[in-house]
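A.B. asks: Mind having a look at this structure? Questions to follow.
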Amino acid sequence: MGSFVRRQQVFFEHLRPLERESTSLVASPCAAGDSAAYERTTDYNDDVVIVAAYRTPLCKSKRGGFKDTYADDLLAPVLKAVVERTGLNPAEVGDIVVGTVLAPGSQRANECRMAAFYAGFPETVPVRTVNRQCSSGLQAVADVAAAIKAGFYDIGIGAGLESMTINPMAWEGSVNPKVETIQKVQDCLLPMGVTSENVAERFSVSRKEQDEAAVVSHARAAAATAKGKFKDEIIPVETKLVDPKSAEEKSVLISVDDGIRPETSLASLSKLKPVFKKGGSTTAGNSSQVSDGAAAVLLMRRGVAIQKNLSILGVFRSFAAVGVDPAVMGIGPAVAIPAAVKAAGLELSDIDLFEINEAFASQYTYCLKKLELDPEKVNVNGGAIALGHPLGATGARATATLLHEMKRRGKDCRFGIVSMCIGTGMGAAAVFERGSIVDPLNNVRPIELNNFLSQDAQ
């Protein structure tokens, strides 16, 4: 009789709602083959996850498919896609942060707000821009992740946008004469191609190595396109093309990247002359393309994603931005990647896949050699030399490319990195974990009070 009463007490205790704030309880198999109750820590539901990541095609500046497309018409389709394809109510988005570089700040901020309205967002959803040069798109993703972690909101969009057709690289106004007093300040004004030559010379990266990297980039991008790998991440854009001679307009649907040259070879690249230095090694063929494009990444707290029954594409694990010598700004990823890996509590050997921006083949090649990376794990679908580098969009674009490739690779790919160098001497990197990865006992701890088993079984 006493045993029966005790069993009843345990049973009723089990039915009683917990007084503390509850987190989900799951039964996980233990080593003995029995089942034991475990409770997810708050860190698990508070993970910042990515549930959608899309980009436009990337098109050649002034000559490609977006040469007659307004910047806001580039951004709107990807903003619309991340909410439409997940079924999310746009009004639930706490903020939209857009990385963008070349356009005048206040004008581009207006264009991004306009793009949000075109995409169907209500007036209650705020928009802002961020500019950390070539890492701006990744910085936008990191800013949203940080805001979610801080509890400012549960859902946000990190995006990137650049029309290098509309806003070419240029310096406005005069330069402060004080620049002559400090060498590092002078180096901040070096043309990017000159910094590429500096990297090649200082770290002995040969012209052949650079051209070989370019050939691989185009070959991989062409193969990925032919296999349809980019279809999961690309949002086709309806736009117009204007004939420069007749001014005739025609409607078009841009659905593929137009800068890829499958026929690129060492022989063809070797004929190109250096652009930035007589006797140098940086050419138009082994540098990133000047491009137009946009991308958007939808992030939210894991607990919210679970409540909404949304598939998780990836988990945001860490971010690092670092400073390096402006004269060799391209080495940034070689410093930023180890910092981001350390912040994630990992080793470099834990990383299965890398998206490193190919600003120039010189710096890209140097970073791979410096970090002793397996080339078969880096830019497996090509990089900016083939695809293009729309400055503000690249970080968000690379995030989409990385996460969709990690999804395709499944259990063989757990951690990935997006990284790039940054003008004036910086580098940035972020670590992502594939979304479906959850170890049986990962992020869990035993329940302190076992009220699932009878007293006899304790």
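The values are calculated or read from the model by the stated rules, or taken from the named source; none is laboratory data. As the structure is a prediction and not an experimental result, all values here were calculated from the model. We place every Cβ from the backbone using ideal geometry, glycine too, and count neighbours over all the protein chains shown. In case anyone asks, the SASA skips ligands and DNA or RNA and just uses the protein heavy atoms, side chains included. Shrake-Rupley method; radii C 1.70, N 1.55, O 1.52, S 1.80 Å.
A.B. asks: May I ask you to list pairs of residues, at least six apart or on different chains, whose Cβ atoms are under 6 Å apart, with the first in segment 181-201 being under 22 Å from Val290 (Cα atoms) and the second being open to solvent by 20 Å² or more (accessible area, probe 1.4 Å) and assigned to a helix (DSSP H, G or I)?
C.D. replies: Matching pairs, first to second residue: Val199/Tyr366.
A.B. asks: Further question on the same structure: Report whether or not Leu272 is without any contact (Cβ under 8 Å) to a residue 40 or more places away in the chain and farther than 28 Å from Ala396 by Cβ.
C.D. replies: The answer is yes for Leu272.
A.B. asks: Related question: Only one of these conditions is not met by Val175: (1) hydrophobic (A, V, I, L, M, F, W, C); (2) free of Cβ contacts under 8 Å to residues at least 40 places away in the same chain; (3) closer than 21 Å to Gly382 by Cβ. Which number is it?
C.D. replies: (3)
A.B. asks: If you don't mind, there's one more thing I want to ask. Quick one: how many residues across segment 237-257 are among the charged types (D, E, K, R) and touching a Ser or Thr at 6+ places or on another chain (Cβ under 9 Å)?
C.D. replies: 3
A.B. asks: Which of (1) in a loop (DSSP other than H, G, I, E, B); (2) exposed (fewer than 13 other Cβ atoms within 10 Å of the Cβ); (3) touching a residue at least 24 places away in the same chain (Cβ under 8 Å) does Pro244 not meet, given it meets every other one?
C.D. replies: All conditions are met except number (3).
A.B. asks: Next up: Is it true that Ala361 is closer than 30 Å to Val185 by Cβ, surrounded by fewer than 23 Cβ atoms within 10 Å (Cβ to Cβ) and not charged (D, E, K, R)?
C.D. replies: no
A.B. asks: Scan segment 100-121 and tell me whether some residue there is of a type outside the set (S, T, N, Q), outside any loop (DSSP other than H, G, I, E, B), open to solvent by 40 Å² or more (accessible area, probe 1.4 Å) and under 24 Å from Gly303 (Cα atoms).
C.D. replies: no
A.B. asks: Please count how many residues of segment 146-156 are outside any loop (DSSP other than H, G, I, E, B) and touching a helix residue (DSSP H, G or I) at 6+ places or on another chain (Cβ under 6 Å).
C.D. replies: 2
A.B. asks: May I ask you to list the residues in segment 280-297 that are in a strand (DSSP E or B) and either open to solvent by 10 Å² or more (accessible area, probe 1.4 Å) or within 13 Å of Ser196 (Cβ to Cβ) (or both)?
C.D. replies: Of everything in segment 280-297, just one residue is in a strand (DSSP E or B) and either open to solvent by 10 Å² or more (accessible area, probe 1.4 Å) or within 13 Å of Ser196 (Cβ to Cβ) (or both), namely Ser287.
A.B. asks: From the list Glu180, Glu201, which residue is under 30 Å from Lys271 (Cα atoms) and surrounded by fewer than 17 Cβ atoms within 10 Å (Cβ to Cβ)?
C.D. replies: Result of the check over Glu180, Glu201: Glu201.
A.B. asks: Continuing with this model, one more query. Here is a check on your reading of the model: is Leu348 open to solvent by 10 Å² or more (accessible area, probe 1.4 Å) and either β-branched (Val, Ile, Thr) or within 23 Å of Ala223 (Cα to Cα) (or both)?
C.D. replies: Here the answer is no, as Leu348 does not meet what is asked.
A.B. asks: Of the residues Val322, Val328, which single one is in contact with a helix residue (DSSP H, G or I) (Cβ under 9 Å, 6 or more places away or on another chain), at pLDDT 95 or above and open to solvent by 10 Å² or more (accessible area, probe 1.4 Å)?
C.D. replies: Val322
A.B. asks: In addition: Any chance you could count how many residues in segment 206-237 are in contact (Cβ under 8 Å) with a residue 24 or more places away in the chain, open to solvent by 30 Å² or more (accessible area, probe 1.4 Å) and outside any helix (DSSP H, G or I)?
C.D. replies: So the count comes out to 2.
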